[in-house]
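The next block holds one structure in the form of structure tokens; read it before the comments.
The values are calculated or read from the model by the stated rules, or taken from the named source; none is laboratory data. Since we're looking at a predicted model, the values are computed, not measured. FYI the Cβ positions are ideal-geometry reconstructions off the backbone, even for glycines, and counts take in every protein chain you see.
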Amino acid sequence: MRACRITINNFRGIKSATLLLPQHGVLIGDNNTGKTTILEALDLVLGPDRLNRQPPIDEHDFFRGAYLLAPAAPAAEAAGDGGDGELPAPETDAEPPRIEIEVTVADLTDEQKGKFGDYTEFWDGATDTFYDEPNPAGVDAATITEALRVTFLGWYDAEEDDFEGKTYFTRSLTESDRPEPFSRKHKQVCGFLYLRSLRTGSRALSLERGSLLDIILRLKEVRPQMWEATLGTLAGISVASDPKLGISPVLESINAALKKYVPKEWGVEPHLKVSNLTREHLRKVITAFIATGDGDHAAPFYRQGTGTINMLVLAMLSQIAQDKQNVIFAMEEPETAIPPYAQKRIVHEVRKLASQALFTSHSPYVLEEFAVEETVVLGRDGEGVLEQKAITLPDNVKLKRYRQQFRTRFCEGLLARRVLVAEGATETSAFPVACRRLAVLKPDTYASLEALGVCIVDAGGETDIPGMAKLYRDLGKRTFSICDKQSEANKDLIEAQVELLLMHEEKGFEAMVLKGTTEAALKRFTKLIDWPQDLAQKYPDPEAQAAAALTDYFTKSKGSWGIADFLAQCSEAEIPQWLRNAAVKLKDACLPAPAGDGPTCRTRRCGGAPGSGRRWN
């Protein structure tokens, strides 16, 4: 069993989206792209406990908070009055916005086929579409399997002045006058479990409804007959009744004053009890304690270390999976407070336990555990349209190289919206430092790459820039490049893949910096560094030969932050003019145009990128 397709309309930050989901996969993208929204949408459709919350949705679950019909256009904006002074009649058949989420569940188990037989369809895994040919024999193909479509609808009920949400068998919505609800019992057969990062761990071992412990007890059909005895015991305990504590005399004085104003029947004799003495309250306050350290002292489980809590949650999830045997796991950021080796173990254990496992993550250690086809790159445009992109490696990026250099060269770019492809290690280390220094010195004019949301990636050489830029551009990223002077042929190749090319006229980044800075800055830096022994012998007085000595020093420290350290101690005037101009151009390309300046994408510096397709801002 697996959720193979999800369609979302008007839910949170997503206006529309249709996504194909792998058997096991990881959803990646920059923050606020919509990764969590996708998992929340799955939970609304398949989660057995989500609809117990009343109301199941609220104002902020609608796209841009719009759950009412837009007001009619003012009379002055009407298209005309038809010549007789009467305005056109307003449309009355428009419906208010509603949330619509449809999930297709394929590879059904025998139990699910028997339970949902009247509503099953046939899904072709080869084409990722439903099989609707008139030839019944076609369903015998190996790639075609029974599937079920389920739809969640959420809307605002004006009469009740509240929000409603219900889940239905999709076929009943289109083929019947009476939609058939997809009930909680139906959802339990599907076995969807959503682990919301640390938020699940905070109540995992409590008895609150919907907690992991509560789910395990229900799966094992354990009904603890403990409430009456516990409530009776607590009812007999009067807290702080000893007069020596000073509380009971205060309560007695309150009681005496109360008797002066109200009859006894209104309520007297205030005293303290342990809790509200209701089952619901006990569910919230009863929690498991765990011994810590070598002694016998125990503390509430939620006071343990964050990593311990996460591993505890994983252990409980494994219990659920073993009992259900057929589970879809959706897990947010398994790397939180977990060391790398444990992150990998979580991924592998969950994949073994679940019929389908879907993760979101920002960790390279998690991402590298998924194949290219299992990595779903997400991006959302300014209108709320969410799309997925497949990673297609260019010819000069072989799969072996991609895997070997994933952590150092590819991961950060996959997680960013804007990627600056640098020619080599020197540009990769030095340009961010220059931008950061300029932003500190003159924040109104410059901005750091971090503030612009730009990730810088080392292409590994000038001939690799076009391929690396194409990789990210094809994923919907905004791409830029910084490099030395290029041949006309390679320059054309780079410009075909990027919005903005930052190319100086020198053959080497170090040469550009040395020519563009001041003598004073060079001399000052010669006093700040520990000179290598061979250069110390060659230049006994480096300050006197600052340019020559630092030329050799930067060459020797190429790629190891030598030039970056120099730029970090420069004033604005000492940073080469080319770098200052490049920082401003990149800032102009990334930041929105001020109001009244027309569209953001005014030039090649902005969204008017070469090529075609939607761009994610």
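Kindly indicate whether any position in segment 487-509 is crowded, with 16+ Cβ neighbours inside 10 Å and of a type in the set (Lys, Arg). Looking for residues that are crowded, with 16+ Cβ neighbours inside 10 Å and of a type in the set (Lys, Arg), one finds at least one in segment 487-509, hence yes.
Total residues in segment 171-186 satisfying the condition of being modelled with pLDDT of 90 or more and of a type in the set (Asp, Glu): the figure is 1. Among the residues making up segment 139-157, those that are of a type outside the set (D, E, K, R), modelled with pLDDT of 90 or more and either more than 15 Å from Glu102 (Cβ to Cβ) or not in a strand (DSSP E or B) (or both) are Ile144, Thr145, Trp155, Tyr156. Considering Ile338, Ile328, Ile346, the condition of being touching a Cys at 6+ places or on another chain (Cβ under 8 Å), in contact (Cβ under 8 Å) with a residue 24 or more places away in the chain, more than 30 Å from Ile465 (Cβ to Cβ) and surrounded by 18 or more Cβ atoms within 10 Å (Cβ to Cβ) is satisfied by Ile328 alone. Looking across segment 504-542, the residues that are within 18 Å of Ala573 (Cα to Cα) and of a type in the set (Gly, Ala, Ser) come down to Ala511, Gly516, Ala520, Ala521.
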